[in-house]
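What follows is one structure encoded as structure tokens, with my remarks underneath.
The values are calculated or read from the model by the stated rules, or taken from the named source; none is laboratory data. Predicted model only: the values in this text are computed from it and were never measured. Cβ: placed from backbone, ideal geometry, glycine included. Neighbour counts: every protein chain shown.
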Amino acid sequence: MTQDTKRVFLAITIPTHLKTKLARYLKSLNKYNLRITRPENLHITAHFLGDVRVEHLVNIATIIKFLCTEITPFTLNPKGVEQIENRIKTIWVTFKKSTPYKNLVISLETEFPSNKQKNRDYIAHIMLARFKKSTSLKNVELPNFQLADNVVHVHEIKLFESILGRDGPAYNLIETFKLKDKK
């Protein structure tokens, strides 16, 4: 990445009460050899755009604003905490399948194609931790965690810059995009 590019992604932020609850849960995972997500970085990724030239951000924002006029607010209902093994081993909070979320992600992928996997499930999730290479899935017993009362109401999406550092990424808000008013 050069000075004239930014590493950016679109995300759904999660309510403070859920971040607080998840921060307490993350402390229970400290005994394992994991890279735990800092509580302030917890979010639901809608689309990762990658390294984008700074001068293209205005056009990207214009497209996102237009897409958001077509999407009404929706809710995401938590399903549970799961260990996931794809390219990397992770621990996620997963949400129940959501057609509005899937449509949002497909719209973003259509406008901003990436090299991410195609023909995938569109499951909203919050990345809690990544396994370090030496940690086995079998060695981690996830504590019970009640999520049923933590519905996420989605009224907007946010464009963030991700700045990679030694202690993990730092996220800077670039712009917030409101979804269509329900009238």
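Of the residues that make up region 122-145, is at least one hydroxyl-bearing (S, T, Y) and at pLDDT 90 or above? Scanning region 122-145, I find no residue that is hydroxyl-bearing (S, T, Y) and at pLDDT 90 or above, so the answer is no. Condition (residue is loosely packed, with under 12 Cβ neighbours inside 10 Å and in a loop (DSSP other than H, G, I, E, B)) applied to region 95-112: is it met by at least one residue? No: zero hits. Among the β-branched types (V, I, T) and closer than 26 Å to H153 by Cα: is that true of V105 in this structure? Yes. Restricting region 41-57 to residues that are touching a residue at least 24 places away in the same chain (Cβ under 8 Å) and assigned to a helix (DSSP H, G or I) leaves a set whose member that is surrounded by the most Cβ atoms within 10 Å (Cβ to Cβ) is L57. Among the residues of region 157-183, those identified as assigned to a strand (DSSP E or B), in contact (Cβ under 8 Å) with a residue 24 or more places away in the chain and of a type outside the set (A, V, I, L, M) are K158, F160, E161, S162, Y171, E175, F177, K178. Restricting the first member to region 77-90 and to residues that are of a type in the set (G, A, S), and the second to residues that are modelled with pLDDT under 90 and surrounded by 14 or more Cβ atoms within 10 Å (Cβ to Cβ), the beta-carbon pairs closer than 8 Å and six or more apart or on different chains are G80/F145; G80/L147.
Part of a helix (DSSP H, G or I) and in contact with a Lys or Arg (Cβ under 8 Å, 6 or more places away or on another chain): is that true of L18 in this structure? So L18 fails the test. For region 58-87, taking the residues that are in a strand (DSSP E or B) and at pLDDT 95 or above, the one that is surrounded by the fewest Cβ atoms within 10 Å (Cβ to Cβ) is identified as T75. The set of residues in region 21-40 being surrounded by 13 or more Cβ atoms within 10 Å (Cβ to Cβ) and part of a helix (DSSP H, G or I) consists of K21, L22, A23, Y25, L26, P39.
Here F9 clears all of (1) in a helix (DSSP H, G or I); (2) aromatic (F, W, Y); (3) modelled with pLDDT of 95 or more except the condition numbered (1).
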